[in-house]
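Everything on this sheet refers to the single structure shown next.
Every number in this text was worked out from the coordinates using simple rules, so none of it is lab data. Only a predicted model underlies this, so the values are computations on that prediction, with no experimental measurement involved. FYI the Cβ positions are ideal-geometry reconstructions off the backbone, even for glycines, and counts take in every protein chain you see.
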Amino acid sequence: MVQIPSGEIKTKEILDWKGIHLFHFRGSSCSQKLRIYLNLKKINWTPHSVNLAAGKNYSDWFLGINPKGLIPVLVDNGHVEIESNDILEYLEKKFPGESLSPPSNQIQIKKLLKEEDDLHEDIRNIAYRYMFGGLGKKSSKDLENFENYRSSNEKLDRLKKKEVEFYKNFSKEGITDEAIRNSLSKFCKCYVKYDSHLNEHKYLMGDDLSILDIAWFIYSYRLFISGFPFKDRFPNISKWFHNLYSRNEFFREVNDPGLFKVIRFYARISTSLRGKSIKRLLP
């Protein structure tokens, strides 16, 4: 868990905000996860969009809130949380009614959410090839500002080096076939386990919806629109996914504007024409 004490936040004005505020971006997977959760729990919140495509997350103003330059960020009456799964845990404690993380399952859910979180770089590999194409590149100016920004937290400044390295490598060589194969292999190992579980249960933790379902729905959505053959490889996952996808609380948070759909279409077509579709690279 990574927390930022109020004394280390340079953008001081947010510390006076009342109520729950969420910094997010429409197409961000972690933002989608949080918005679905807030919808399901019917929690009142104030949105603050941070345009990742325009590099607004690398502005001094935003880095003064989260030096890692990542979203989502939750501000609750001046208290700041910066990691999506940590935010889910925080909100579950604050709003225990109709729990999506029942006490009897909390230890297991936390363990499985750690497994899901460890796959974040892998879903990014897949999304940047099959969803965003070249649009995922960051400007050298934005990266330089991000790299040179110094917060009051040396640990957070060290953590962002990995982000900078990813985007520099992506600008040079894109996402390699080897990286895609490795990422797909990790997802398949998890899906084998969950597909078997769904033989006898409606959801990933049993017969009740949980935050684990929300987290894996987001990953599965990105894989689905990237061409992953769920119906052929993991039929129970396919049924589970489409059941959630049909619910408005889920659908409206991942249903992108038309322009994004066009970008995804061309990204998938271009990779397929080069013989690099997901089906061809699956283990």
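Points to keep in mind about this one:
- Magnitude of the charge dipole for the stretch 1-95, about its Cα centre and with charges confined to Cβ atoms of Lys, Arg (+1) and Asp, Glu (-1), is about 340 debye.
- Distribution of pairwise C-alpha distances over the stretch 124-253, 5 Å bins, in %: 2, 9, 16, 16, 15, 13, 13, 9, 5, 2, 0
- Where only C-alpha atoms are counted, convex hull volume of the stretch 10-142 per residue in Å³: 113 Å³
- Antiparallel beta bridges, as assigned by DSSP with both residues in the stretch 6-103, represent about 65 percent of the total such bridges.
- Mean residue ellipticity at 222 nm, helices only, the chain: -17000 deg cm²/dmol; runs of at least 4 DSSP H residues each add -39,500 (n - 2.57), and the sum is divided by the number of residues.
- Between PHE228, ASN248, MET205, the Cα set farthest toward the positive side of the dipole of the stretch 110-281 (charges on each charged residue's Cβ, about the Cα centre) is that of PHE228.
- For the chain, share of DSSP beta bridges that run antiparallel, in % to the nearest 5: 70 percent
- Scalar couplings 3J(HN,Hα) for the stretch 156-163, obtained by applying the Karplus form with A = 6.51, B = -1.76, C = 1.60 to θ = phi - 60°, are 5, 5, 6, 4, 6, 4, 5, 5 Hz; x denotes Gly and Pro.
- Exposure proxy ranking, count of Cβ atoms within 10 Å, fewest first, for VAL254, VAL262, VAL73: VAL262, VAL254, VAL73
- Taken about its Cα centre, the stretch 97-244 carries a charge dipole of roughly 380 debye when the Cβ of each Lys and Arg holds +1 and the Cβ of each Asp and Glu holds -1.
- Distant-in-sequence amide contacts of TYR203, defined by a placed amide H-H separation under 5 Å and a gap of 5 or more residues or a different chain, comprise ASP208.
- Ordering SER152, SER210, SER196 from the fewest to the most neighbouring beta carbons within 10 Å gives SER196, SER152, SER210.
- Using a cutoff of 8 angstrom between alpha carbon atoms and counting only pairs six or more residues apart, the relative contact order for the stretch 110-281 works out to 33 percent.
- About the centre of its Cα atoms, the chain shows a dipole size close to 980 debye [charges on the beta carbon of Lys, Arg (+1) and Asp, Glu (-1) only; nearest 20 debye].
- For the stretch 83-98, putting each phi into the Karplus relation 6.51 cos²θ - 1.76 cosθ + 1.60 with θ = phi - 60° gives couplings of 10, 4, 6, 5, 5, 4, 4, 4, 5, 5, 6, 6, 10, x, x, 6 Hz, in residue order, rounded to whole numbers and with x for Gly and Pro.
- One entry in (i) 52, 48, 33; (ii) 60, 45, 35; (iii) 70, 46, 30 is Cα extents along the principal axes in Å calculated from the shown coordinates; its label is (i).
- By other beta-carbon atoms within 10 Å, ranking TRP240, TRP45 with the fewest at the front produces TRP45, TRP240.
- Most mobile listed residue (GLY258, GLY206, GLY69) in the chain, GNM with C-alpha springs under 10 Å: GLY258
- Scalar couplings 3J(HN,Hα) for the stretch 231-246, obtained by applying the Karplus form with A = 6.51, B = -1.76, C = 1.60 to θ = phi - 60°, are 4, 7, 8, 9, x, 6, 5, 4, 5, 4, 4, 5, 4, 6, 4, 7 Hz; x denotes Gly and Pro.
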